[in-house]
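Scroll down for the structure; my scribbles are underneath it.
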There are 4 protein chains.
Amino acid sequence: MYFASDNWAGASAQVANALLNAGNGSVPAYGADDQTRVAVDWFSEVFEHDVSVFFVATGTAANSLSLASVMKPAGIVICHDVAHIACDEAGAPEFLSGGRLVSIPGARGKLTPDALAAAIARYFPAAVHHGRPVAVSLSQSTEWGTVYTVEEVTALAAVAHAHGLKVHMDGARLANALAFLGCQPADITWKAGVDVLSFGGTKNGCWCAEAVVFFNGKKAEDFGYIRKRAGQLFSKSRFVAAQFQGYFDRGHWLDNAYHANTMAKRLATGISQLSTARILWEPEANEVFAIWPKPVSARLKAAGAQFYEWNPDGLDETEKPRDDEDLVRLVTSFATAAHEVDHFLKALGK
Amino acid sequence: MYFASDNWAGASAQVANALLNAGNGSVPAYGADDQTRVAVDWFSEVFEHDVSVFFVATGTAANSLSLASVMKPAGIVICHDVAHIACDEAGAPEFLSGGRLVSIPGARGKLTPDALAAAIARYFPAAVHHGRPVAVSLSQSTEWGTVYTVEEVTALAAVAHAHGLKVHMDGARLANALAFLGCQPADITWKAGVDVLSFGGTKNGCWCAEAVVFFNGKKAEDFGYIRKRAGQLFSKSRFVAAQFQGYFDRGHWLDNAYHANTMAKRLATGISQLSTARILWEPEANEVFAIWPKPVSARLKAAGAQFYEWNPDGLDETEKPRDDEDLVRLVTSFATAAHEVDHFLKALGK
Amino acid sequence: MYFASDNWAGASAQVANALLNAGNGSVPAYGADDQTRVAVDWFSEVFEHDVSVFFVATGTAANSLSLASVMKPAGIVICHDVAHIACDEAGAPEFLSGGRLVSIPGARGKLTPDALAAAIARYFPAAVHHGRPVAVSLSQSTEWGTVYTVEEVTALAAVAHAHGLKVHMDGARLANALAFLGCQPADITWKAGVDVLSFGGTKNGCWCAEAVVFFNGKKAEDFGYIRKRAGQLFSKSRFVAAQFQGYFDRGHWLDNAYHANTMAKRLATGISQLSTARILWEPEANEVFAIWPKPVSARLKAAGAQFYEWNPDGLDETEKPRDDEDLVRLVTSFATAAHEVDHFLKALGK
Amino acid sequence: MYFASDNWAGASAQVANALLNAGNGSVPAYGADDQTRVAVDWFSEVFEHDVSVFFVATGTAANSLSLASVMKPAGIVICHDVAHIACDEAGAPEFLSGGRLVSIPGARGKLTPDALAAAIARYFPAAVHHGRPVAVSLSQSTEWGTVYTVEEVTALAAVAHAHGLKVHMDGARLANALAFLGCQPADITWKAGVDVLSFGGTKNGCWCAEAVVFFNGKKAEDFGYIRKRAGQLFSKSRFVAAQFQGYFDRGHWLDNAYHANTMAKRLATGISQLSTARILWEPEANEVFAIWPKPVSARLKAAGAQFYEWNPDGLDETEKPRDDEDLVRLVTSFATAAHEVDHFLKALGK
């Protein structure tokens, strides 16, 4: 009953096998090999666009170096209060980009165009003292398990671009968002105004496959140097390339995400039907937030369930757990089995 | 005929299989899993010491963050003129550590205690203007394919420690050095005075397996934060752990290195017997430096050989190639086949 | 009618004369001169403590390098939402310290022990992902013109120290706070738990006289290097030393501050007696916040008054200006004349 | 007998008086005042060019932020082995610019076009591993008291520009170079190819007056942010502006430099006539390097002379002092008196 995080799973069989088969022969290092070229072609096909793709080691690196690529001196990146870059990356975005984050609230983990516009407005007229906004970063799907619609991303990007800001998307769980939206990857990224994307494969079936994707080659110009200087240029690039090939092949990545989302739905539906617990809101991706009496948490853990209590900061007062309740986060993944969900629901329902 | 670099090979079968088998089940992320614990135990056993081990993504990251761990404001790291950190890491050591490198010459890629002492002496008496040396970094084996003896490392470390400097070893090719020296890993590291080690597995049979090893727990204190802030903390840590398990199991790593060194020896011996070429010096690890008439390089490449012309800067005048000659570097690896060497020698001898 | 900022004034005659007299003879550079020693002795006398003092060029530098001196990898400094370091220093604190700021709200520009404790609590139990709080920074007086009492600083410092955080005080307007409190400099700094202080002379009568003051020599150890590496070590140190000598001599600095505070009081009292305007709260230092109908601002500016409209973010709803009103900040200084205040009040009252 | 450095002197009377007169009235802070505008106009007049000027606190800051303004990720600045930025600024250029310095030798402290071209050539063809040269930095006058001719600067700039590098000039002692060359400031800067200049006033009669001068407005675009983020934006900008006004007025700065150079010449000539000492070469600016028997140094210091023994690294073997000799540096300034020189010569000649 593993619902702690989607990075607790290993690699999917399809990805693991692709990697196993990648090792033959001697090929150029540092990404000048054919397998890397093929993987990059996959990206261009998936996004229906001629993209520039750079593999990096972690989602934190993808985010931080994406932001470094659009940074200017005294630059500011605007993001949501619960954005991964703001809360869970130990200052790497600031350290690696040289910039600063300014976070703003928003219901259910989403920025709104109005709030973004207001946050930007504080820096105009420009004054060196305040620094200057250079980008907005959106998490898709969000840390609260919700998903921006195409219209929402488009509207946010319009606000950003109108003021000269670039749009970064933290796509650590982009696949889950796509599985929910049913749109094409292009629709929710460059067509909606995204300039640079952190594309995550690790949480959704890979061992270690993260990429920074530029939809405009010019912006990628310096990135080779940015990546190398950060110690993020793999010598045996094909080990990531192979994973991505397995990941994209025959829609495996979307299948994985669809499965994870389905398991989240199953979990949420099950919880909703119990009198002992409730869900915070309908899951859109692969994260379910549930509220139950505090003793339940301990009981479930004793029964072997893995999950984290979650910080309710930023929720509306009406949404927050009572003092005698826990808010918990339950994450499903490509590896979550239906019987695992059912077993959990049974334990919860007792 | 692949002699361009030891990072052109893929993963060894033993390492690849270890990785294939690592994926089952759901385990804690970020290194809190059993496989990571087992891999760390391997390190302590290999080094006969209770070590602190941190996986990172690349050799550049291992070096840069090792140096970050011993850095102070206005700190200086002394290294050899041809050190990888000085020449091939795009400023990552400076960027990630906040310090500065000062490089000094030395025959055959090695620092000498006298040269090190002289370099340090320039910073005493201390003055803020000049910064302050905080560490010396040794490459073992060196960029010129030579290997420091235990006595040499011990003497260098003694000079460093006498002036309050820490000793870092860039062990991207430590295995090759050990295969040459025939000593224990402990002998050439902590027993000789090394404080922090970049331990490389990637060039010698892994896909992506690099670690920073501290021989003194206290110095490792901050390292979890240093690594995370640099975007170098893998979520699925076991994918590195599994590689290291396969790497260490039954002496696989030393077998690989011994093989690579043997192939280098075979190559060097073969070249020595030809009238058309000469070797710069006897290889000690897995790199052969050869000199031959310029037209030979083109002819060999046309025949399918892969290698790099090398910069003779820093060689003694008597060692340097003549104007009509090329200096080339030939690197062997665990994957180099004897017939590949022989085929190359035959092509060279024509 | 200059109420835009206390840095619009020049230097006081006493400070200017001290500087004029400082230039004779040739003395050692970089702070090894007698005048610097005398100025440092002034600090120790003023603070009744053996302090370490380092001159720097600006208040931003003093704050940023103070924080650098207590920084650790992935370190976080907690401050108020309107702190100068958070809003007006263009990311210098992050850039120069390598750390990150987390800001929290608090009535009238002040942090409270409870809010501080809650902010710290989010980082325990420790996890590398979140970074780690290393310091709290207090502004004394605050950006809202209020002053922490000795009890308040003591209580905040107790919370900070209990969790291993250092206490930094941004004393750009420390003199004004002292003039309000009537306590000794020691009482509100090291005796109350302050570890490192940005001591500002520029706003209160100097041209350029800012210092970082350590109350514990050990913490100052690295600071010479930190300052030099930031390009903040003056060669002709005595030009700052002379200003500080003039500043401290015969209580000049406190006289200046007392005068500025008195002018603020005069301004506030005058505004309170008018029907056309109101003050936000009683000024404690040298800043008055007033609210009046929007047309008034333009009229006053046309009459030659200098001041800034101010951002009401963070005020209680009951305190905020109505939509047809402006919130303005009026700052007095050592150079503000009583007739200037009266002239302004007359113009306002029309 | 003060020959330790030209920063041991105070401010000249003309500069000190200008500063004394600067303090009247209340004016906008942060450089938006008339006196700053007037000072900037002085620069444009002096350089016969529409320049962008930014005051900073120190020469180290001027150099470091100049380099920051032309930096790119993984960028390298090429400079001379004895450049101030390489030897005496504690890593500030690297810290504040994010780049790396690569230093090369050259007789008498000067870079040569051939050596520069060779240094640049090592980075082509481009490879991320090696970083990339973005600028060359020239010291005018040099650390060895020599002066680049207009032809020399022009030739170096041509090499730099041909490879896309910018040209930075460290003009901490530019005035002394101009006094030697007798050319116009424009001739040796923008007309010769200099893109950005560190203009120093401190060593030549000011208290604290350093500026970064851009000869191309576009390159200055980000500099306001770069300066503020480094804590180098003075609030009371006019205190620097006033010094520069006094400095430029009626050619005061060139008079000062001419005097310093003349004193150096007098010193060198005097030493040349003694049998007990010799000069390394004819001084071109305000620094004399002399060689004499070791006991002489102690004797002179006992007699009240102030100077530094100097490191002979980088000199030709024929130029170096013998083991029983000291190499010393003697620096003159605007404040050096002829009788001081004569007194010193007398003491030396005993």
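The values are calculated or read from the model by the stated rules, or taken from the named source; none is laboratory data. If you're wondering where the values come from, they're calculated on a predicted model, not measured in any experiment. As a convention, Cβ positions derive from the backbone with ideal geometry for all residues, glycine included, and neighbour counts pool all protein chains shown. The protein model used for the area step is the full one, side chains on, heavy atoms only, and it has no ligands, DNA or RNA in it. Shrake-Rupley method; radii C 1.70, N 1.55, O 1.52, S 1.80 Å.
Any idea which of C:Gln35, C:Ile85, C:Val70 is furthest toward the positive side of the dipole for segment C:35-103, if Lys and Arg beta-carbons carry +1 and Asp and Glu beta-carbons -1?
It is C:Val70.
So for C:Tyr30, B:Tyr123, what's the accessible-area order with a 1.4 Å probe, most first?
C:Tyr30, B:Tyr123
Per-residue accessible area for B:Glu45 at 1.4 Å probe radius, Å² rounded to 10?
Spelled out: B:Glu45, probe radius 1.4 Å, area about 130 Å².
With every protein chain kept in the model, how would you rank D:Ile188, B:Ile104 by accessible area, 1.4 Å probe, largest at the top? Please list the in-between numbers first.
Details: D:Ile188 0, B:Ile104 20 Å².
The ordering from most to least exposed comes out as B:Ile104, D:Ile188.
Which residues among segment D:259-293 fall inside the zone where the amide N is under 16 Å from a point 7 Å beyond the Cα of D:Thr318, along Cα→Cβ?
Inside the label zone: D:279-282.
Relative contact order for chain A using alpha-carbon pairs under 8 Å, separation at least 6, rounded to a whole percent?
Rounded, it is 24 percent for chain A.
Protein chains only, probe 1.4 Å: how do A:Cys87, A:Cys206 rank by accessible area, largest first?
Values: A:Cys87 40, A:Cys206 0 Å².
Putting A:Cys87, A:Cys206 in descending order of accessible area: A:Cys87, A:Cys206.
Pull up the DSSP beta bridges for the protein assembly as shown and report the antiparallel fraction as a percent, rounded to 5.
Details: 84 of 160 bridges.
Rounded to the nearest five, the antiparallel share is 50 percent.
Amide H neighbours of B:Val56 under 5 Å, counting only residues 5+ apart in sequence or on other chains, H built in-plane at 1.01 Å?
It is B:Glu210, B:Ala211, B:Val212, by chain and number.
With a ≥ b ≥ c taken as the square roots of the eigenvalues of the C-alpha gyration tensor of segment D:253-348, please select rounded if a/c is under 1.5 and otherwise prolate if a/b is larger than b/c or oblate if it is not?
Details: a/c = 1.95, a/b = 1.35, b/c = 1.44.
It is oblate, given that a/c is not under 1.5 and a/b is not larger than b/c.
With the cut-off at 1.5 for a/c, could you classify the protein assembly as shown from its C-alpha gyration tensor as rounded, prolate or oblate? Don't skip to the answer; put the middle values down first.
On the way: a/c = 1.96, a/b = 1.11, b/c = 1.77.
Verdict is oblate for the protein assembly as shown.
State, to one decimal in nm and shortest first, how far the label point of B:Glu221 sits from each corresponding label point in the other identical copies (label point: 7 angstrom along Cα-to-Cβ).
Its label point is 1.0, 4.5, 4.6 nm from the equivalent points in the other copies.
Suppose R0 equals 60 Å. What FRET efficiency, 1/(1 + (r/R0)^6) with r the Cβ-Cβ distance, do B:Glu48 and C:Thr262 give to the nearest 0.05?
Working: r = 74 Å, r/R0 = 1.23.
Between B:Glu48 and C:Thr262 the formula returns 0.25.
How big is the A-B contact in terms of buried accessible area, both chains counted, 1.4 Å probe, rounded to the nearest 100 Å²?
On the way: alone 15050 and 15060 Å², together 26240 Å².
Approximately 3900 Å² gets buried when A meets B.
Quick one: which residues, 5 or more positions from B:Gly106 or on another chain, have an amide H under 5 Å from its amide H? H modelled 1.01 Å from N in the peptide plane, none for Pro or chain starts.
Here B:Asp81 satisfy the definition.
Taking a 21 Å limit on the Cα-Cα distance, which of the listed pairs B:Lys166/C:Lys72; B:Lys203/D:Lys72; B:Lys72/B:Lys228; B:Lys72/C:Lys72; A:Lys110/D:Lys228; A:Lys203/B:Lys219 fall beyond it?
Violating the 21 Å Cα-Cα cut-off are B:Lys203/D:Lys72; A:Lys110/D:Lys228; A:Lys203/B:Lys219.
Would you mind listing the distances between the B:Arg37 label point and the same position in each other copy? Use 7 Å along Cα-to-C-beta, nm, one decimal, shortest first.
4.7, 6.1, 7.2
How big is the charge dipole of the protein assembly as shown about its Cα centre, in debye rounded to the nearest 20, if each Lys and Arg gets +1 on its Cβ and each Asp and Glu gets -1 on its Cβ?
Numbers: 120 positive and 148 negative charges, 1 e Å.
Approximately 0 debye in magnitude.
Ordered by residue, what ³J(HN,Hα) values in Hz, to whole numbers, does segment D:299-306 give under the Karplus form 6.51 cos²θ - 1.76 cosθ + 1.60, where θ = phi - 60° and Gly and Pro are x?
4, 5, 5, 4, 7, x, 7, 10
Which net charge results when you count Lys and Arg as +1 and Asp and Glu as -1 among the other residues whose beta-carbon is under 14 Å from that of A:Glu48?
So the surrounding residues net to -3.
Pick from B:Asn176, B:Asn21, B:Asn256: which residue has the top mean-square fluctuation in a GNM of chain B where Cα pairs under 10 Å get a spring?
So, out of B:Asn176, B:Asn21, B:Asn256, the one fluctuating most is B:Asn21.
What is the average number of partner chain Cβ atoms found within 10 Å of a Cβ in C:71-77?
On the way: counts 1, 4, 16, 13, 5, 2, 0.
For peptide C:71-77, the averaged partner shielding equals 6.
Run the dipole for segment C:12-250 about the Cα centre, Lys and Arg Cβ at +1, Asp and Glu Cβ at -1, nothing else charged, and hand back the magnitude in debye, nearest 20. Mind dumping the intermediate values first?
On the way: 19 positive and 21 negative charges, 99 e Å.
Magnitude of the dipole: close to 480 debye.
Would you calculate, for chain D, the mean residue ellipticity at 222 nm contributed by helices, counting each DSSP H stretch of 4 or more residues as -39,500 (n - 2.57) and dividing by all residues, to the nearest 500? List each step's numbers first, then the result.
Details: 14 runs with 136 residues, N = 350.
Mean residue ellipticity at 222 nm (helix-derived): -11500 deg cm²/dmol.
Under the Karplus relation 6.51 cos²θ - 1.76 cosθ + 1.60, θ = phi - 60°, what is the ordered set of whole-Hz ³J(HN,Hα) values for segment B:30-41, x standing for Gly and Pro?
Values per residue, Gly and Pro as x: 6, x, 8, 9, 5, 5, 5, 4, 5, 4, 4, 4 Hz.
Put a dot 7 Å past each Cα toward the Cβ at B:Thr112 and C:Asp342; how far apart are the dots in nm?
Placing both labels 7 Å along Cα→Cβ, they lie 8.5 nm apart.
Axis carrying B onto A: which residue of B has the nearest Cβ, and how far, whole Å?
B:Ala57, 2
Kindly provide the pair-distance distribution of segment D:128-238 built from C-alpha pairs, with 5 Å bins from 0 and whole-percent values in order of increasing distance.
It works out to 2, 11, 19, 22, 19, 14, 9, 3, 1, 0, in whole percents.
If you restrict to DSSP beta bridges whose two residues both lie in chain D, what percentage is antiparallel, to the nearest 5? Can you show the working numbers first?
Values: 21 of 40 bridges.
Around 50 percent of the beta bridges assigned by DSSP in chain D are antiparallel ones.
What does the accessible area per residue of segment D:227-350 come to in Å², with a 1.4 Å probe and no ligands, DNA or RNA counted? Display every interim value, and only then the final one.
Working: 5070 Å² over 124 residues.
Heavy-atom SASA per residue in segment D:227-350 reads 41 Å².
Probe 1.4 Å, all protein chains in place: accessible area of A:His84 in Å², nearest 10?
Here the residue's solvent-accessible area equals roughly 40 Å².
Extending each Cα 7 Å along its Cβ direction at C:Thr149 and B:Glu309, get the distance between those two points in nm, one decimal.
For C:Thr149 paired with B:Glu309, the spin-label model returns 8.0 nm.
Per-residue mean of other chain beta-carbon atoms within 10 angstrom of the beta-carbon, peptide B:124-137? Spell out each step's value before the answer.
Working: counts 0, 0, 2, 5, 13, 11, 6, 10, 4, 0, 0, 0, 0, 0.
What the average comes to for B:124-137 is 4.
Shortest first, in nm, what separates the label point of C:Thr149 from those of the same position in the other copies (7 Å along Cα→Cβ)?
5.4, 7.5, 7.7
Show the residues, 5+ positions off or on another chain, whose built amide H is closer than 5 Å to the amide H of C:Ala135.
C:Ile76, C:Ile78, C:Lys166
Quick one: pull the percent of accessible area on segment D:115-255 belonging to carbon and sulfur, 1.4 Å probe, ligands and nucleic acids left out. Walk me through the numbers on the way to the answer.
Working: 2030 of 3780 Å².
That share works out to 54 percent.
Report the residue, chosen from C:Val53, C:Val194, C:Val27, that carries the largest GNM mean-square fluctuation when chain C is represented by alpha-carbon nodes joined by springs under 10 Å.
C:Val27
How many angstrom lie between the C-alpha centres of segment D:51-116 and segment C:100-164?
When both Cα centres are located, 39 Å separates them.
Taking a probe of 1.4 angstrom, what is the accessible area of D:Arg37 in Å², to the nearest 10?
120 Å²
If a/c stays under 1.5 just call it rounded; otherwise compare a/b with b/c (prolate if a/b is bigger, oblate if not). Do that for chain A, with a ≥ b ≥ c from the square roots of the Cα gyration tensor eigenvalues. Mind dumping the intermediate values first?
Numbers: a/c = 1.99, a/b = 1.18, b/c = 1.68.
Verdict is oblate for chain A.
Please check: in the Gaussian network model of chain D (C-alpha springs, under 10 Å), which one of D:Pro93, D:Pro283, D:Pro73 has the largest mean-square fluctuation.
Highest fluctuation of the listed residues: D:Pro73.
Using the Karplus curve 6.51 cos²θ - 1.76 cosθ + 1.60 with θ = phi - 60°, what ³J(HN,Hα) values do you get for each residue of segment D:211-227, in whole Hz, with x for Gly and Pro?
Running phi through 6.51 cos²θ - 1.76 cosθ + 1.60 with θ = phi - 60° gives 9, 9, 10, 9, 9, 9, x, 4, 5, 7, 3, 7, 5, x, 6, 4, 5 Hz.
What is the sum of charges, Lys and Arg at +1 and Asp and Glu at -1, for the other residues whose Cβ falls under 13 Å from the Cβ of C:Gln184? Could the numbers behind the result be given before it?
On the way: positive: C:Lys191; negative: C:Glu45, C:Glu48, C:Asp187.
Every neighbour counted, the sum reads -2.
Dipole of segment D:253-348, Cα-centred, from +1 at each Lys and Arg C-beta and -1 at each Asp and Glu C-beta, to the nearest 20 debye?
On the way: 10 positive and 15 negative charges, 88 e Å.
Around 420 debye, computed over segment D:253-348.
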